[in-house]
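The block underneath contains the structure these notes are about, expressed in structure tokens.
The values are calculated or read from the model by the stated rules, or taken from the named source; none is laboratory data. Source: prediction; values computed, not measured. Reconstructed Cβ throughout: ideal geometry from the backbone, glycine too, with neighbour counts over all protein chains shown.
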């Protein structure tokens, strides 16, 4: 269900985090997604999740 391309995934997740979810944990629970896989994939392109900003930066 989640995009495979890391750049598209980044855009998808940040939009969802901005508009629908108050945390990455909530998003992962709702979409039944693996938080570790997501953070690893985005870390590979230089992005880390910021709880303070509730987005990948």
Those residues of segment 8-30 which are more than 11 Å from the chain's Cα centre (by Cα) and assigned to a helix (DSSP H, G or I), in sequence order: 19, 29, 30
Failed item, numbered, when residue 44 is tested on (1) touching a residue at least 12 places away in the same chain (Cβ under 8 Å); (2) touching a helix residue (DSSP H, G or I) at 6+ places or on another chain (Cβ under 7 Å); (3) surrounded by 12 or more Cβ atoms within 10 Å (Cβ to Cβ): (3)
Failed condition for residue 1, given (1) in contact with a helix residue (DSSP H, G or I) (Cβ under 7 Å, 6 or more places away or on another chain); (2) at pLDDT 95 or above: (2)
Pairs with Cβ under 6 Å, 6+ apart, first in segment 9-36 and without any contact (Cβ under 8 Å) to a residue 24 or more places away in the chain and on the phi < 0 side of the Ramachandran plot, second buried (at least 17 other Cβ atoms within 10 Å of the Cβ) and assigned to a loop (DSSP other than H, G, I, E, B): 27/21
